[in-house]
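Enquirer: Input: one structure, supplied below.
The values are calculated or read from the model by the stated rules, or taken from the named source; none is laboratory data. This structure is a prediction, so every number in the text was calculated from the model and none was measured. Neighbour counts run over all protein chains shown; Cβ positions are idealised from the backbone, glycine included.
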Amino acid sequence: MCIARINLLAQSAVFVLTEKRVPQRLLEIAGVAAFWAWYPLLVACLPNWWERVAFVLLSFTICGIQHVQFCLNHFSSDVYVGPPKGNDWFEKQTAGTLDILCPPWMDWFHGGLQFQIEHHLFPRLPRCHLRKVAPAVRDLCKKHGLTYSAASFWDANVLTWKTLRAAALQARSATGGGGGAPKNLVWEALNTHG
């Protein structure tokens, strides 16, 4: 996951250059161009090649930790596809994400992202308060028979691998006729279509 940031950077450029409908395309292109002008200049300010390489690798590694967290929170759960039906927003938020169980002393590592369900329900709530609202959200889900998924860091990794494996097997077995596998899976993966 340390190189996942490269994919996000590539997706940004691909999106603004190839999508038919990009709101404020010129502003988006300017933002991508500004990043690619700024980042190399920032790295060039470091005194030697060793420090430049170390800075880039360290920044990508730290982002990689966040990518692992995002994958655990989202890729281990079913994804809702299609237009909303009725007033089921709360249910969709709880069913499509996973909380990571950890003791309070590990909150620094997860940065509040371990409370993904609570974050989806209360996106403006400061991260330091997510642990406080988690029991109330759990109780509310239990009361109304809604999904509330939580797993240890290890179990979340296992769930994510199983979900990704199932998706890969499903894509592998897909045949032509309208819903077949895309011709270029690398392109589809880079653009996270699906």
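Enquirer: Which pairs have Cβ atoms under 8 Å, sit 6 or more apart or on different chains, and link a residue in the stretch 81-109 that is over 25 Å from Asn157 (Cα atoms) to one that is modelled with pLDDT under 85?
Expert: As it stands, the answer is Pro84/Lys92, since those pairs meet every condition given.
Enquirer: If you don't mind, another one. What tally of residues in the stretch 147-161 results from selecting those that are surrounded by fewer than 14 Cβ atoms within 10 Å (Cβ to Cβ) and at pLDDT below 90?
Expert: Qualifying residue count for the region: 1.
Enquirer: Let me ask another. Within the stretch 162-194, take every residue that is assigned to a loop (DSSP other than H, G, I, E, B) and of a type in the set (Val, Ile, Thr) and give me the one that is modelled with the highest pLDDT. Steps first, please.
Expert: First, the residues of the stretch 162-194 that are assigned to a loop (DSSP other than H, G, I, E, B): 174-184, 191-194.
Pick out the ones that are also of a type in the set (Val, Ile, Thr) and you get 175, 192.
On the way: Thr175: 51, Thr192: 59.
Restricting to residues being assigned to a loop (DSSP other than H, G, I, E, B) and of a type in the set (Val, Ile, Thr), the top hit is Thr192.
Enquirer: Still on this model: Within the stretch 109-132, work out how many residues are in contact with a helix residue (DSSP H, G or I) (Cβ under 7 Å, 6 or more places away or on another chain), surrounded by fewer than 16 Cβ atoms within 10 Å (Cβ to Cβ) and in a helix (DSSP H, G or I).
Expert: So the count comes out to 1.
Enquirer: While we're looking at this one, here's another question. If Pro23 satisfies all but one of (1) assigned to a helix (DSSP H, G or I); (2) out of contact with any Leu (no Cβ under 9 Å at 6 or more places or on another chain); (3) surrounded by fewer than 14 Cβ atoms within 10 Å (Cβ to Cβ), what's the number of the condition it fails?
Expert: (1)
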